[in-house]
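The values are calculated or read from the model by the stated rules, or taken from the named source; none is laboratory data. Just so you know, these numbers come straight off a predicted model, no measurement behind them. Quick reminder, even Gly has a Cβ in these numbers, built from the backbone with ideal geometry, and neighbours come from all protein chains shown. Remember, those area values only see protein heavy atoms, side chains included, never the ligands or the DNA or RNA. Shrake-Rupley method; radii C 1.70, N 1.55, O 1.52, S 1.80 Å.
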Amino acid sequence: MRGLRGAALVLISALLAAEVSASPQLELMGVVWKKPTLRVLVKYGAPLDYIAAATRAFKLWKAAINYFTRLYGYEYLRKLHFEVYIEGFNSSPNGYDVIVEFLDEPSGSMELGEAMLIARGDYVIRAEIKLFLRDYTGVKLEPLDVLNVALHEVGHVLCLGHASRAHTANGPELMYHKYTPTNMVIMPSTLDIYGLALVFEWLTSNRPAPPVQRIAELPPNIPYRLTAYYYVQVISAVDSVRGGGWYLENDTALLSTADIVVRDDVRYVFKGWSGDVMAKVPNLSLEVTRNYTLVAQWVKQYKVQIVFTSADGLKLSPQPTLLMLDGKLVNESVLWLEPGEHVLEWVLWRGAKVRALTNLMVEGPGAVKVPLAIWRPLVRVTDILGLPVPFAEVEFAGPVNARIKLGLDAYGRAPELPEGVYEATVALGGLILSRTTITVQGDGVLTLRVVVNPYVLALALLLATLIALALRRGASQF
Ligand SMILES: [Zn+2]
């Protein structure tokens with residue numbers, strides 16, 4: 001070891017003057033390890049979640065390599081391994097290549113971590129990583145920040161220098177010289193792993209050799225982005241979905257949306273997810289192992305007020321109370337309905353089931369008139385010879401009950417009568433002349449013929465006339 005110390009070249013990661021360059025560049029240290037498996041000792045001396053963060057940094061580099069090689073080749077990088085031991089847990093007495101230490105003190109400068117490589121000639125023989133648990137003001141760092149710093153320092157241990165850019169297409173550049181606290185795991189970029197492929201190119205021949213280049217630039221076919229991140233794309237016509245975006249491999253994406261979104265007279269009802277996942281529930285938990293595209297399915301509905309009219313278009317009062325609409329019983333007067341045609345089987349009006357003359361056509365929010373099979377026929381009473389019987393009274397009993405007084409011309413307009421079969425009773429001056437069964441099914445003239453003795457009729461008519469006259473006289477006295 002004595003001779004070795006003298007020959008060792010100590011490389012301390014230095015700031016790279018970020019040059020303005022058309023394409024992002026990564027500095028390579030020009031040295032390399034002679035072996036593909038590195039034994040790492042994480043020293044005890046920090047709370048467990050910080051130790052876990054440091055350990056995870058090595059796993060994530062491995063995940064980044066796997067991700068990169070799957071997409072772009074350079075399979076020899078998969079030969080790189082880290083055997084990570086934790087002091088006091090599973091450490092072995094044998095020698096280590098990389099030592100990770102924690103310092104529970106404010107970092108001396110703006111740096112939150114340090115990596116030191118000890119090399120002999122072009123080959124690294126040992127490396128040390130120091131991770132500060134506090135920033136230079138003394139504020140305790142979050143485990144996530146320590147993880148991000150550890151990831152950066154592992155990059156140096158793997159003989160990478162600094163990158164020229166602060167940002168990739170989907171997140172910060174890990175090997176940028178400055179760390180800005182963030183709430184995401186900053187994975188190695190494609191540029192970092194490509195740089196690693198240049199550094200460890202000797203793994204293709206198994207004859208160790210230092211890298212030829214000192215600067216890595218991505219080939220045009222490899223986009224500059226973070227590795228091991230997948231994009232969960234959410235497509236929704238309604239702006240109500242939470243979640244989506246970039247997720248670290250094996251992370252859980254939580255997507256949620258409201259069931260119903262109301263925008264004035266229009267509302268959207270969530271029907272489920274389609275695309276790469278089919279589901280009905282609005283909240284979705286997704287383990288991210290690839291890119292996903294999810295489409296939120298919405299049904300648009302309009303706020304509709306149905307105005308029921310008689311067949312001839314007059315608004316009914318009262319309005320029906322119960323509807324059989326699209327096979328469902330409905331008792332609201334204001335409804336949320338999808339655009340298009342809705343089947344109105346029947347409505348309940350004054351206790352009678354009445355059919356609608358048209359289906360319900362919804363084209364937008366607002367009032368929609370629906371005529372019902374409710375008629376106002378012109379009622380006429382004649383005697384057996386077809387002569388009019390003036391002043392007759394007709395009583396209808398059926399789906400609804402109604403009474404009509406005819407005038408001198410023996411005609412009278414019926415009130416609203418739901419379509420159906422009625423028993424019509426014709427009376428004159430209190431004398432019942434006939435009782436017949438008739439069907440009301442239109443607004444036309446409904447002629448009721450009474451079969452009575454003309455003498456009786458004449459008598460009744462006289463009586464009715466006298467009563468009418470008496471009433472008129474009585475009225476004029478006022
Ligand atoms: Zn650095």
| request: Could you provide, to the nearest whole Å², the per residue accessible area of segment 228-372 with probe 1.4 Å? | output: 53
| field | With every protein chain in place, segment 377-476: carbon and sulfur % of accessible area (1.4 Å) | value | 61
| field | Backbone HN-Hα couplings from phi across segment 408-419 [Karplus 6.51/-1.76/1.60, Hz, Gly and Pro as x] | value | 4, 7, 6, 10, x, 8, 6, x, 4, 10, x, 3
| Around Leu191, what is the net charge, scoring Lys/Arg as +1 and Asp/Glu as -1 over all other residues with Cβ under 12 Å from its Cβ? | -2
| said: Tell me the net charge near Asp326. Cut-off is 12 Å between Cβ atoms, Asp326 excluded, with +1 for each Lys or Arg and -1 for each Asp or Glu. | reply: -2
| query | What does the accessible area per residue of segment 52-120 come to in Å², with a 1.4 Å probe and no ligands, DNA or RNA counted? | reply | 48
| message | For Val456, project a label point 7 Å along Cα to C-beta. Then give me every residue of segment 374-398 with its amide nitrogen under 14 Å of that point. | response | 383-384
| field | Percent antiparallel among DSSP beta bridges (both partners in the chain, rounded to 5) | value | 70
| task | Give me the Debye-computed log₁₀ of I(q)/I(0) at q = 0.10 Å⁻¹ for segment 2-217, equal point scatterers on Cα only, no solvent, two decimals. | result | -0.41
| task | Within 10 Å, count the other beta carbons around each residue, average over each peptide in 382-389, 117-124, and list them highest first. | result | 117-124, 382-389
| When only Cα pairs under 8 Å and 6 or more residues apart are kept, what is the percent relative contact order across segment 228-372? | 20
| query | Hey, what do the phi angles of segment 144-153 turn into as Karplus ³J(HN,Hα) couplings, whole Hz, using 6.51/-1.76/1.60 and θ = phi - 60°, x for Gly and Pro? | reply | 5, 5, 5, 4, 5, 5, 4, 4, 4, 5
| Neighbourhood net charge (15 Å Cβ-Cβ; Lys/Arg +1, Asp/Glu -1) for Glu142 | -1
| query | What ranking, highest mean first, results for peptides 56-62, 243-249 when packing means the other Cβ atoms within 10 Å averaged over each residue? | reply | 56-62, 243-249
| Val421: accessible area at probe 1.4 Å, nearest 10 Å²? | 90
| query | Treating the beta-carbon of each Lys and Arg as +1 and of each Asp and Glu as -1, no other charges, what is the dipole magnitude of segment 300-425 about its Cα centre, to the nearest 20 debye? | reply | 260
| query | So, with a 1.4 angstrom probe, what is the percent of accessible area on segment 94-167 that is carbon and sulfur? | reply | 51
| request: Output the Cα-based Rg and Dmax of segment 377-476 in Å, rounding Rg to one decimal and Dmax to a whole number. | output: 13.5, 41
| One-quarter of the Cα convex hull surface for segment 228-372, in nm²? | 9.5
| field | Burial ranking of peptide ranges 40-46, 366-372 (average Cβ count within 10 Å, highest at the top) | value | 40-46, 366-372
| Just from the alpha-carbon atoms, what are the Rg and Dmax of the chain in angstroms? | 44.9, 149
| How far is helix 454-476 tilted, in degrees, relative to the longest principal axis of the Cα atoms in the chain, given as a value from 0 to 90 rounded to the nearest 10? | 70
| query | What's the center-to-center distance, using Cα atoms, between segment 96-147 and segment 297-314 in Å? | reply | 71
| request: State the three equivalent ellipsoid semi-axes of segment 277-323, derived from the C-alpha gyration tensor as the square roots of 5 times its eigenvalues, in descending order and whole Å. | output: 48, 11, 7
| Tell me, what is the per residue accessible area of segment 377-476 in Å², probe radius 1.4 Å? | 55
| Mean ellipticity per residue at 222 nm, deg cm²/dmol - from DSSP H runs of n ≥ 4 across the chain, formula -39500 (n - 2.57) | -5500 deg cm²/dmol
